[in-house]
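Asks: What follows is a structure written as structure tokens; I'll ask about it next.
The values are calculated or read from the model by the stated rules, or taken from the named source; none is laboratory data. These numbers come from a predicted model, not from an experiment. Virtual Cβ from ideal backbone geometry, glycine too; neighbours counted across all protein chains shown. Areas reflect the complete protein model, heavy atoms only, side chains present, ligands, DNA and RNA absent. Shrake-Rupley method; radii C 1.70, N 1.55, O 1.52, S 1.80 Å.
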Amino acid sequence: MFFNSYFLKQLFFIFLIFTCASSQIKVWDAAHAHNDYENKRPLIDALENGFTSIEVDVHLKKGQLFISHNTPIRLDTSKTLASLYLSPLSHHINNNNGEIYKGYKGKFYLMLDIKTDATQTFKAIEKEMLRFPLILEKTQVFISGNRNYHQIIESKLSIGVDGRLSDLGQVCNSKYMPVVSANYKGLFKWNGKK
């Protein structure tokens, strides 16, 4: 009786380990984490839930890239672009055999929404991104918000720009403009009700 009970417990334990180890995250091609940094676990919650697009609001203050929707009053060095996103995402890719999601072949977008001066903030972003080449290789980084279109397109890094409807049909291709955004209320009168 002891052998059978022990044997069944061990078999069940092995089954649990196999099931957990072989389970994969359901990846959502159109899932966008808006203001992701407001979550308890920025980036991590989005990755654990299979999101493929993450938006980060970026402010350049005293030479550092801080994350906040509004202008940060207190400059908390634990809330920088590198500490909340670039470093953890780079580690995640390294620890996941060079992939964001195992077997996922679609795009993963990192939208950097510039809230301060377009030119100076983008220069700081370029400098910071050079420290994380794996992110540039494995994701589509693009700039939204305050943006200097020509500065971004002329950059040696493969960073795109968030397009506008007026950009459609222009010279730019999807490598430089992977996304086109518009304000819904500016295009439609429907408010979600009949």
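Asks: Would you look at the GNM of the chain, springs on alpha carbons closer than 10 Å, and say which of LEU60, LEU168, LEU136 moves the most?
Replies: Highest fluctuation of the listed residues: LEU168.
Asks: How are the C-alpha pair distances of the chain spread across 10 Å bins, as whole percents from the shortest bin up?
Replies: Per 10 Å bin, starting at 0, the Cα pair percentages come out as 8, 30, 31, 16, 7, 5, 3, 0.
Asks: For LEU157 paired with LYS62, estimate the spin-label separation in nm (one decimal), with each label point 7 Å from Cα along the Cα-to-Cβ line.
Replies: Each label point is offset 7 Å from its Cα along the Cβ direction, giving 2.2 nm.
Asks: According to the square roots a ≥ b ≥ c of the eigenvalues of the Cα gyration tensor, what is the shape class of segment 98-194, taking rounded for a/c under 1.5, prolate for a/b larger than b/c otherwise, and oblate for the remainder?
Replies: Oblate is the answer for segment 98-194, as a/c is 1.5 or above yet b/c matches or exceeds a/b.
Asks: Further, regarding this structure: Helix 118-129 against the longest principal axis of the chain: what's the angle in degrees, Cα atoms only, rounded to the nearest 10?
Replies: That helix lies at roughly 30 degrees to the long axis.
Asks: Which order do you get for THR71, THR116 if you rank them by accessible area with a 1.4 Å probe, largest at the top?
Replies: THR71, THR116
Asks: By DSSP, what percent of the beta bridges with both residues in the chain are antiparallel, rounded to the nearest 5?
Replies: Antiparallel: roughly 20 percent of the beta bridges in the chain.
Asks: How high is the relative contact order of the chain, in percent, counting Cα pairs under 8 Å that sit 6 or more residues apart?
Replies: 15
Asks: Over segment 53-166, what is the percentage of antiparallel beta bridges among all DSSP beta bridges, to the nearest 5?
Replies: Given both bridge residues lie in segment 53-166, the antiparallel proportion sits at roughly 25 percent.
Asks: When the chain is modelled as a GNM with alpha-carbon springs shorter than 10 Å, which of ILE159, ILE143, ILE73 fluctuates the most?
Replies: Of ILE159, ILE143, ILE73, the Gaussian network model singles out ILE73 as fluctuating most.
Asks: How much solvent-accessible surface does MET177 expose, in Å² to the nearest 10, with a 1.4 Å probe and all protein chains in place?
Replies: 20
Asks: Additional query: Beyond 21 Å between alpha-carbons counts as too far, so tell me which of LYS61/LYS138; LYS79/LYS127; LYS105/LYS175 fall in that bin.
Replies: The answer is LYS61/LYS138.
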